[in-house]
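J.: Pasting in a structure now, in structure tokens, and then I'll have a few things to ask.
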Amino acid sequence: MSLVALCASGSAWAGGQIEEPLVDSVRSALSAAIANHAPPIPEFADTEARLKYLRWMGTMIFRLRRSKPDFDTRREFLQTAWYESRRAGLDVSLVLGLIQVESAFRKYAVSPVGARGYMQVMPFWTRVIGDGDAARLFHMQTNLRFGCVILRHYLDRERGDLFLALGRYNGSRGKAAYPDAVFAAQKNWLYSGL
């Protein structure tokens, strides 16, 4: 099935991400990374950084209009995606590409294997590093935070190899279809001004 057909069908892409044992130090670090529930309010070092962000926001709000018709919803979603991506040390275009592939920007997407929300987070993560409440994965900031923290974990685990990290995120490590789909979708969200 092509990426276009998959996104149009309303299905969620998430594969069978595998629950792997975590050493205590990793579990503690991941738990700490998702624990802070501060609202995603961007802070900037200077006026130029703020202006770059505002130009990015204006461009992305326009690009996201088909998936999220309501302006305020788009703005809140993009602000949160930008904040959580930066917080996890990820490129926001990569995160938006992943969300496009995983859920087609649908908050309540559920995959055939039970992954939930925008970033299709598997419920076992809430037990492993969260409070165990898988229903919270439908909360926008919670889902984006979990997804970004998990992707960062896999990227660190794969020593910076984004192809392998994306495969691990999807449960298809070593297979090209998923990383290639995310890289293709990422092109829709690239912005040269950041």
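The values are calculated or read from the model by the stated rules, or taken from the named source; none is laboratory data. Note that this is a predicted model, so its numbers are computed, not measured. Positions of Cβ are generated from backbone atoms using ideal geometry, with glycine treated the same way; all protein chains shown enter the neighbour counts. For the accessible areas, the whole protein counts, side chains as well, though only heavy atoms, and no ligand, DNA or RNA atoms are used. Shrake-Rupley method; radii C 1.70, N 1.55, O 1.52, S 1.80 Å.
J.: What do you reckon, how do MET60, MET122 stack up by accessible area (1.4 Å probe), largest on top?
T.: MET122, MET60
J.: Using only protein heavy atoms and a 1.4 Å probe, report how much of ARG106 is accessible, in Å² to the nearest 10.
T.: Here the residue's solvent-accessible area equals roughly 80 Å².
J.: Accessible area of LYS52, 1.4 Å probe, to the nearest 10 Å²?
T.: 80
J.: Per residue of the stretch 91-104, what does 6.51 cos²θ - 1.76 cosθ + 1.60 with θ = phi - 60° give for ³J(HN,Hα)? Whole Hz please, x for Gly and Pro, Karplus curve as stated.
T.: 6, 4, 5, 5, 5, 5, x, 5, 5, 4, 5, 5, 9, 6
J.: Note down the nm distance, to one decimal, between modelled labels 7 Å out along Cα→Cβ at ALA45 and at ALA176.
T.: 3.9
J.: Counting only protein heavy atoms and using a 1.4 Å probe, what share of the accessible area of the stretch 32-151 belongs to carbon plus sulfur, as a whole percent?
T.: Of the solvent-accessible surface of the stretch 32-151, carbon and sulfur hold 53 percent.
J.: Here's a follow-up. About the Cα centre of the stretch 110-163, how large is the charge dipole given +1 on each Lys and Arg Cβ and -1 on each Asp and Glu Cβ? Please answer in debye to the nearest 20.
T.: 60
J.: Run the quick spin-label model on ARG127 and ALA184: label points 7 Å from Cα toward the beta carbon, then report their separation in nm to one decimal.
T.: With each label point 7 Å from Cα toward Cβ, the separation is 3.5 nm.
J.: Could you tell me the calculated FRET efficiency between LYS52 and ARG75, based on Cβ-Cβ distance and R0 = 22 angstrom, to the nearest 0.05?
T.: Efficiency, rounded to the nearest 0.05: 0.85.
J.: Considering every Cα-Cα pair within the stretch 33-181, what fraction, in whole percent, is farther apart than 25 Å?
T.: Everything past 25 Å amounts to 27 percent.
J.: Using a basic spin-label model with each label point 7 Å from the Cα along Cα→Cβ, how many nm lie between ARG66 and HIS139?
T.: It is 3.2 nm.
J.: Now for a separate question. What dipole magnitude, in Debye to the nearest 20, does the stretch 122-194 give about its Cα centre under +1 on Lys/Arg Cβ and -1 on Asp/Glu Cβ?
T.: Dipole magnitude for the stretch 122-194 comes out near 80 debye.
J.: Moving on to the next point. Tell me, what is the 1.4 Å probe accessible area of LEU96, in Å² to the nearest 10?
T.: Rounded to the nearest 10, the figure is 0 Å².
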